[in-house]
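The values are calculated or read from the model by the stated rules, or taken from the named source; none is laboratory data. Everything quoted here is computed from the prediction, not taken from an experiment. With ideal geometry, Cβ positions are generated from the backbone for all residues, glycine too; neighbour counts draw on all protein chains shown. Surface accessibility is based on the protein's heavy atoms, side chains included, excluding ligands, DNA and RNA. Shrake-Rupley method; radii C 1.70, N 1.55, O 1.52, S 1.80 Å.
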Amino acid sequence: MQAYWLKNVRLEKGHKKNEGAVKTETEITNIKIVGDKFSEISASDPGEGIDCKGQLLLPSLRESHIHIDKTYFGGPWMSCAKGKDLFGRLEEEKTLLPELLPAMPERTRKIIELLIGKGHTHIQAQCNVDPIIGTQNYRCAKEILETYTDKLTYQLVAFPQHGLLRSNSLPYMRQAMEEGADVVGGVDPGLLDKDVKNSLRATFQLAAEYDRPVDIHLHEQNSLGLYSMNRICDMTEEYGWQGRVTIGSAVALSGIDPGSLQAISRRLSQLDITISSSVALESPIPIPYLDQAGVRVALGHDSLIDHFSCFGTGDTIEKLCNVASCFKMTDEVSLGQVMKYATGGITPLDADGNRRWPTSDDTASFMLVDASSSAELIARRKPITALYFKGRCVFHA
Amino acid sequence: MRKVLKNVRLETGFQEADLGRVETITALFDITVEGGRIIGLQLAGYAENEGGAVLDLGGMLALPRLVDSHVHIDKTYLTMDFHSTQPTKNIEERLELEAKDLIKMRDSVETRSRAAIELLLAKGTTKLRHHVNVDPYCELKNLEGSLAALRSFKGIDFETVAFPQHGLLRKQCQPLLREAMKMGADLIGGIDPGGLDKDVEGSLKATFDLANEFGAGIDMHLHERGAVGLYTMERLCDLAQARDMRGMITISHGFALMDANPAQLEAMAGRFRDLGIGITSTYPPDRRIPVEQLKRLGVPVKFGCDGIYDSWGPFGTGDVLEKVKFYCMFNKLSDEISLAQALGLATEGVTPLDEQGRRLWPKLGDPADFVFLRASCSAEVVARLPQREAVMSGGTMVYQNVK
Ligand SMILES: [Zn+2]
Ligand SMILES: [Zn+2]
């Protein structure tokens, strides 16, 4: 088992208050890694070790929703066709998916490499499964992700983009499950399948049959989206799927009235349903409110560049910065806490300034950054200089 | 001195592509530059060898110079230790905090401004309009420091707005503004005549009086929402008309335009157009003024970065193109032509092609101001924000990416 010291590493230590201003206090120390875990922190010189030169140690990042199959990323520039709705985009996939398949291995690899360079050690990846492409995208993604298991963990979602019922994708979804897909995906049971009840029933049935978590994209607006969300809650309860359900986008949570927001947040929290969001800055879902209400929120890029959209960067630090800016989280503590949306809830300090991470026995998946605090990292989008996964360096700048 | 820029990618038109998409056509050109201007423009390989230095751009795309039309370089915390933003209850408290900063930071204005300019330059900006605080706290120190910084850069064109951030009447800044104009400020600034000065008519009149005294234009921050914001715009138009200041006035932010109903917006935009009043937006996601309608109604709209990391907020990248990207994202403009046209918000309206794909830029005689990037077209640049590889201003390379 490997055992070594990281020397001169900067750790956040607490908050210092001074005339109404809060500053993050840090210390330069040494931290020992044994196997895939942190084991001890010691201020006295351990002798040999890797000199981190005062870089700040922070938890590594999680990308919670990204389509790694039908991408233009890494290929020639392509903008989107003008003025098409969801159905227009789906129509495009009939020719596009087979056309893109040959380039997929290289492009998927490029996305994964990008995400590693941006500090991620976990990816929840989405892959089309439908009558057009069958499970070919899934298989390709799986094969490639498997070559990165020394650098990250992943969950691959079989995603019936064309509507589980609408496109009769159930047999293909079943096949993906047989082939080992990690998560049963779903999408807009009302808008696409036009049958909220049966669409969700079929999704959860499949999940129960194969004992897999569920991840449903919900782009339905206001009351329809809210309705579907409530039915997802019902099913989560009925199937006993607490803690195993994610709702992606959940755009209906944006602009919702306070009463409904409170009610749905309570249900989401009670059922431990995660909301994953790419944070549409112009009509954001109320992330800080959800967090306060005990709902797990996770960030994802959704797409980097494809026939739906062309603006994704894969840079979660930038996304955190945008979240902070969007919700006016500009003070030291708020900025630092924003981090949790991209780390599965981990922040070095809690809101009161107590150190929560790293502790011995925490998995040593972390990044080193050129910043004086998490707050600075996020506000100033400072560079990541190294990434470690389970105690091993998997990237350095 | 003659210079030939070889293998420069320029946009030459649009063509239809599969799935109903549009693509930009480009070609490689050799551009001859002399006296800061373009004197030759030919397909690559066809330029006659007329001597002079040769610079091979290796197929990089050239775009027009980027213009940041609203930026504060004097107040930045760049070069200092990290400062997050101290929470305040209201604008008065925020201003008090800023006042302390201004006093504390009086002597580092030039250093900090220089860091801000370096950042802007690295993003391709070679022309900027900066608002510099003029108030009882920094007095003329911020003006002095930022001007010194700006003048130390070659190839940066700038306009300086003397900006009474703490309220023109509220802090009786007229004498200081007068001094500022004498020291080299170009425009009279202003801010929320109602919200801050609590005297819309008096504040506007004092602003216009100062401007007229120096024959200068005006660039006023108007953050006020709703009817009072619209009322202030009306009065500003009245004065612009009465004082015959066509084309000399800019409204920055103009958030109240979000609250105008369609008829009000059309009427207001009509007045702006007739009076040549421009709108500059920093396009925050939660306060998106109707840029598209304003443009359609003939109002010139420009973008700027606003504050780059100061006591008002810890964010800011100095990249005016990022604002353009946000504009496209928020308005779901992801098609080739919309993306390419949006570039104009960061170039004072200059785009390589018009909406029909006709070539507009560059032309013979244009200043040799370019941003060079590894990209295939403007649309890609707006959507993907690639690094700025090199920046030329008046025929001189003023920035080169070494990473
Ligand atoms: Zn998605
Ligand atoms: Zn401003």
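Quick notes on this one:
- Taking the average, over residues, of other Cβ atoms within 10 Å as the packing measure, peptides A:177-188, B:203-214 rank A:177-188, B:203-214 from highest down.
- Take each residue of peptide B:75-87, count the partner chain Cβ atoms within 10 Å of its Cβ, and average: the result is 5.
- Net charge, A:Arg356 excluded, C-beta distance under 11 Å - Lys, Arg +1, Asp, Glu -1: -2
- Within chain A, DSSP assigns beta bridges of which about 50% are antiparallel (rounded to the nearest 5).
- Distant-in-sequence amide H partners of A:Lys13 (H built 1.01 Å from N, under 5 Å): A:Glu25, A:Thr26, A:Glu27
- Within the same chain, lysines fewer than 8 places from A:Lys32 are excluded, and of the rest, those with a Cα less than 22 Å from its Cα are A:Lys7, A:Lys13, A:Lys53, A:Lys151, A:Lys390.
- For the chain pair B and A, buried accessible area totals roughly 3200 Å², probe 1.4 Å, rounded to the nearest 100.
- P(r) tail fraction, region B:66-315 - alpha-carbon pairs more than 31 Å apart, %: 19
- Carbon + sulfur, % of accessible area of chain B - ligands and nucleic acids excluded, 1.4 Å: 49
- Reachable aspartates and glutamates, given that their alpha-carbon falls under 14 Å from the alpha-carbon of B:Lys154 and they are not under 8 places away in the same chain: B:Glu118, B:Asp369
- Each Lys and Arg adds +1 at its Cβ and each Asp and Glu adds -1 at its Cβ; summed about the Cα centre, region A:233-328 shows a dipole of about 240 debye.
- Note on the protein assembly as shown: with charges restricted to the Cβ of Lys and Arg (+1) and Asp and Glu (-1), its dipole about the Cα centre is near 600 debye.
- Rounded Å value of the spacing that divides the Cα centres of region B:265-325 and region A:267-285: 30
- Summed residue charge, Cβ within 13 Å of B:Leu169's Cβ, Lys/Arg positive, Asp/Glu negative: -2
- A Stokes-Einstein calculation at 4 °C with viscosity 1.567 mPa s, built on the Kirkwood radius of chain A over Cα pairs, returns a diffusion coefficient of 59 µm²/s.
- Derived scalar couplings ³J(HN,Hα) [region A:346-361; Karplus, 6.51 cos²θ - 1.76 cosθ + 1.60; whole Hz; x for Gly, Pro]: 7, 9, x, 10, 7, 5, 8, x, 8, 6, 10, 8, x, 10, 5, 5
- Remark: spin-label model distance A:Ala293-A:Glu25 equals 3.7 nm, labels positioned 7 Å along the Cα→Cβ axis.
- Under the Karplus curve 6.51 cos²θ - 1.76 cosθ + 1.60, θ = phi - 60°, whole-Hz ³J(HN,Hα) for region A:199-211, x wherever Gly or Pro sits: 5, 5, 4, 4, 5, 5, 4, 5, 4, 5, 4, 9, 6
- Taking amide H as placed 1.01 Å from N in the peptide plane, A:Arg244 has no amide H partner under 5 Å among residues 5 or more places away or on another chain.
- One Cα centroid belongs to region B:367-400, the other to region B:63-121; the line between them spans 26 Å.
- When +1 charges are put on Lys and Arg Cβ atoms and -1 charges on Asp and Glu Cβ atoms, the dipole computed for region B:280-337 relative to its Cα centre reaches about 240 debye.
- In the context of the full set of protein chains, residues of the protein assembly as shown present 38 Å² of accessible surface per residue (probe radius 1.4 Å, heavy atoms only).
- Each part reduced to its alpha carbon centroid, region A:372-396 and region A:15-90 end up 5 Å apart.
- Reciprocal mean inverse distance between Cα atoms of region A:255-397 - Kirkwood radius, Å: 16.5
- Remark: region B:203-216, residue by residue, has Karplus-estimated 3J(HN,Hα) of 5, 5, 4, 4, 5, 5, 4, 4, 4, 5, 4, 10, x, 9 Hz, where x stands for each Gly or Pro and the curve is 6.51 cos²θ - 1.76 cosθ + 1.60 at θ = phi - 60°.
- Compared with the dominant Cα axis of chain A, that is its longest principal axis, helix A:258-270 is turned about 80°.
- Top of B:Leu121, B:Leu333, B:Leu177 by mean-square fluctuation, Gaussian network on chain B, Cα under 10 Å: B:Leu333
- For B:Thr26, the residues 5 or more places off, or on other chains, whose built amide H falls under 5 Å of its own are B:Thr12.
- When peptides A:271-281, B:256-266 are sorted by average Cβ neighbour count within 10 Å, with the highest value leading, the order is A:271-281, B:256-266.
- Checking every one of the GluC sites (Glu not before Pro) in region B:281-355 against DSSP loop status and a limit of 14 other Cβ atoms within 10 Å picks out B:Glu355.
- Taking the DSSP beta bridges with both ends in the protein assembly as shown, the antiparallel portion is around 50 percent.
- Each of B:Tyr309, B:Leu275, B:Asn331 was placed along the dipole of region B:267-347 (beta-carbon charges, centred on the mean Cα), and the one lying farthest toward the positive end is B:Leu275.
- Neighbourhood net charge (15 Å Cβ-Cβ; Lys/Arg +1, Asp/Glu -1) for A:Trp241: -2
- Comparing region A:83-144 with the 2.2 N^0.38 Å rule of thumb, its C-alpha radius of gyration ratio is 1.26 (two decimals).
- If R0 is taken as 22 Å, the Cβ-Cβ distance between B:Arg106 and B:Glu179 corresponds to a FRET efficiency of 0.90.
- Backbone N under 14 Å from the B:Ile39 label point (7 Å along Cα→Cβ), restricted to region B:354-392: B:364-368
- Put a dot 7 Å past the Cα of B:Glu292, heading toward its Cβ, do the same for B:Glu92, and the two dots end up 4.2 nm apart.
- Highest-fluctuation residue, B:Gly194, B:Gly20, B:Gly124 considered, GNM on chain B with Cα pairs under 10 Å: B:Gly20
- Shown here for region B:6-54: GluC sites (Glu not before Pro) in loop regions (DSSP other than H, G, I, E, B) with at most 16 other Cβ atoms within 10 Å, namely B:Glu48, B:Glu50.
- For the residue pairs A:Lys17/A:Lys37; A:Lys94/A:Lys319; A:Lys23/B:Lys104; A:Lys340/B:Lys75; A:Lys82/B:Lys323, alpha carbon separations beyond 24 Å are given by A:Lys17/A:Lys37; A:Lys94/A:Lys319; A:Lys340/B:Lys75.
- Based on the Stokes-Einstein relation at 20 °C and a viscosity of 1.002 mPa s, and on the Kirkwood radius from alpha carbon pairs, the protein assembly as shown is assigned a translational diffusion coefficient of 76 µm²/s.
- MRE, 222 nm, helices only [DSSP H, n ≥ 4, -39500 (n - 2.57), over the protein assembly as shown, to nearest 500]: -9500 deg cm²/dmol
- Residues of region A:69-93 buried by at least 30 Å² on assembly (accessible area, 1.4 Å probe, chain alone as reference): A:Trp77, A:Met78, A:Ser79, A:Cys80, A:Ala81, A:Lys82
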